[in-house]
Amino acid sequence: MKQNRNNDRFKARGKRSDRNQPRKNQKVDAPEQKEESEFVFGYHAALEALGNERGNKLFLQEDSSGEKTERLKAAAKDHSVPVKWVPKQKLDTLSDHGVHQGVVLATTEYEYLTLDQLMASTQSETPFFLILDSLEDPHNFGSILRTADATGVDGIIIPKHRAVGVTSVVVKASTGAVEHVPIARVTNLTQAIADLKKAGFWIFGTDMTGTDYRRWNTDGSVALIIGNEGRGMSKGLHKEVDELLTIPMVGHVQSLNAGVAAGLLMYEVYRGRNPKS
């Protein structure tokens, strides 16, 4: 098999009644300021986002204290991010009742890369990318990001439509790993795969039938497709892969959670590229 790809690279208008018009010299209240709409919550997620220059305002629970609180305050000071002490109910609202650990950080919007930017920023001579085919569960996405950071994945590619993006739940589930693994968002996964092939990548898919992943040749530049949680890898991408991989199972359940399956395969690449001394 393989190892030689071409390396080229619509406002209803209406009159307001006079009684709704402010009278002359009547004081009109300024419009209420809207809260920041982008938030991450949880200690690790907030700390990593602060370190990545994405913090706007740090909200801490008013009775918080201890080493973690001091580290967050110091990080906010280092990056000129204001700190506001608020009751737990406020944090519950900002985090949509997530497990915030007394910490919510208002952030700038996450900036995705283009595929070209992702490839240009990769330092590895033989990069390993993940392609997430319409993944919908933010917890799965967060878990995959966490494992990707642990195993040295060089980047993740996701579609713009009908798929989960980087949300506050994803950031929390990744425990901050989202700040360290580059993510490219593309309009068309098929075209993205074609571009990767032109750049010398070998494309692998996941399926119930295929080559046992333990026999996977992980040499060279590799892109691995992880399918949707319920439907698996889309049929349109099946014909784009160079090889299908399967994870053998002997139990009664014949499928694995997408995050678990991705984790096994990421560590297989890590094992192949980092043999025991």
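The values are calculated or read from the model by the stated rules, or taken from the named source; none is laboratory data. All figures in this text were calculated on a predicted structure; none of them were measured in a lab. Here the Cβ positions follow ideal geometry from the backbone for every residue, glycine too, while neighbour counts run over all protein chains shown. Side chains included, ligands, DNA and RNA excluded: accessible areas come from the protein's heavy atoms. Shrake-Rupley method; radii C 1.70, N 1.55, O 1.52, S 1.80 Å.
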| said: For the structure I just gave you, tell me whether Asp96 is open to solvent by 20 Å² or more (accessible area, probe 1.4 Å) and of a type in the set (D, E, K, R). | reply: yes
Within segment 91-123, residues being outside the structural domain of Asn188 (by the TED database), among the small types (Gly, Ala, Ser) and over 18 Å from the mean Cα position of the chain (by Cα) number 1
The strands (runs of 3 or more DSSP E) lying entirely within segment 33-104 that contain at least 3 residues which are out of contact with any His (no Cβ under 8 Å at 6 or more places or on another chain) and polar (S, T, N, Q) are none
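So that you can scan it fast, the table gives a plain yes or no per residue for (1) modelled with pLDDT under 50; (2) surrounded by 13 or more Cβ atoms within 10 Å (Cβ to Cβ); (3) of a type in the set (A, V, I, L, M):
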site: Asp8; (1), (2), (3): yes, no, no
site: Ala49; (1), (2), (3): no, yes, yes
site: Asp63; (1), (2), (3): no, no, no
site: Lys90; (1), (2), (3): no, yes, no
site: Gly102; (1), (2), (3): no, yes, no
site: Thr108; (1), (2), (3): no, yes, no
Condition (residue is among the aliphatic types (A, V, I, L, M) and modelled with pLDDT under 90) applied to segment 75-86: is it met by at least one residue?
no
Checked against (1) under 27 Å from Asn257 (Cα atoms); (2) not β-branched (Val, Ile, Thr); (3) not in a strand (DSSP E or B), Leu130 satisfies every condition except (3)
Looking across segment 157-179 at residues that are under 17 Å from Gln117 (Cα atoms) and more than 10 Å from the chain's Cα centre (by Cα), the single one that is modelled with the highest pLDDT is Pro159
Note: among Pro82, Pro138, Pro127, just one is crowded, with 16+ Cβ neighbours inside 10 Å and touching a strand residue (DSSP E or B) at 6+ places or on another chain (Cβ under 9 Å), namely Pro127
Within segment 141-156, of all residues that are open to solvent by less than 20 Å² (accessible area, probe 1.4 Å) and under 15 Å from Leu265 (Cβ atoms), the one nearest to the chain's Cα centre (by Cα) is Leu145
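Conditions (1) within 24 Å of the chain's Cα centre (by Cα); (2) over 23 Å from Ala199 (Cα atoms); (3) at pLDDT 95 or above, marked per residue:
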residue	(1), (2), (3)
Asn217	no, no, no
Ile225	yes, no, yes
Glu229	yes, yes, no
Gly232	yes, yes, no
Leu237	yes, no, no
Ser255	yes, yes, no
Ala261	yes, yes, no
Asn274	no, yes, no
